[in-house]
1. List, shortest first and in nm to one decimal, how far the label point of B:GLU83 (7 Å from Cα along Cα→Cβ) is from its counterparts in the other copies.
2. Using a label point 7 angstrom from Cα along Cα-to-C-beta, what distances in nm, from shortest up, separate B:GLU35 from the other copies?
3. Given contacts defined as C-alpha pairs under 8 Å and at least six residues apart, what's the relative contact order of region A:2-81, whole-number percent?
4. Divide by every residue of chain B the summed helix terms, -39500 (n - 2.57) for each DSSP H run of at least 4, and state the resulting mean residue ellipticity at 222 nm, rounded to the nearest 500 deg cm²/dmol.
5. Just the ratio, please: alpha-carbon radius of gyration of chain B over 2.2 N^0.38 Å, N its number of residues.
6. Helix A:18-29 against the longest principal axis of chain A: what's the angle in degrees, Cα atoms only, rounded to the nearest 10?
7. For a footprinting-style exposure proxy, rank B:THR22, B:THR39 by other Cβ within 10 Å, fewest first.
8. Ranked by Cβ crowding within 10 angstrom, fewest neighbours first, how are A:ILE9, A:ILE77 ordered?
2 protein chains.
Amino acid sequence: MRFDVQVKISLKKGMLNPEASTIQRALALLGYEVEDTDTVEIIKFRLDEEDRNIALKEVDDMCQRLLCNPVIHDYEIEIIEEEK
Amino acid sequence: MRFDVQVKISLKKGMLNPEASTIQRALALLGYEVEDTDTVEIIKFRLDEEDRNIALKEVDDMCQRLLCNPVIHDYEIEIIEEEK
């Protein structure tokens with residue numbers, strides 16, 4: 001089966017996010033007042049696996065080993081089976 | 001009114017995405033075969049505006065002036081009114 005995978009990676013609560021602070025400051029310099037700026041990264045790909053649970057386990061391994069730093073990141077995995 | 005805003009920024013079709021290629025190659029080195037890897041960035045913030053249309057117009061201006069590069073990026077704006 002073929003799956004569409006999305007991994008949503010964000011910083012854990014309480015971690016400083018310098019990218020978000022910079023965006024907020026730059027917006028303020030242009031006159032836009034916004035609050036609680038935050039950034040999230042999404043990594044998308046396609047994957048062939050026998051079933052949904054195996055795919056989920058494999059993507060979780062990828063997150064732990066490469067895509068995320070579990071010390072500082074939270075991640076959410078979304079798997080959708082592709083229609084044929 | 002207070003709005004929760006999400007801006008989803010992706011590269012236009014046909015643009016090279018070196019980050020995605022690197023992720024795909026690194027996953028392959030670890031033995032994970034995935035395809036069509038892509039990355040999307042989400043910028044989230046809160047905004048006070050009189051109504052939804054004004055907020056949307058303001059966020060679109062932010063995208064054009066600072067958040068995106070309209071030559072290479074596509075962006076999608078999502079605005080949700082916060083409950084009181």
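Rule-based calculations on the coordinates, nothing more; no lab input. Note that the structure is a prediction, hence the values are computed from the model and not measured. Positions of Cβ are backbone-derived with ideal geometry, glycine not excepted, and every protein chain shown enters the neighbour counts.
1. List, nearest first: 3.2 nm.
2. 4.7
3. 52
4. For chain B, the value works out to -8500 deg cm²/dmol.
5. Ratio of Cα Rg to 2.2 N^0.38 Å: 1.41.
6. Taking Cα atoms only, the helix is inclined about 40 degrees.
7. B:THR22, B:THR39
8. A:ILE77, A:ILE9
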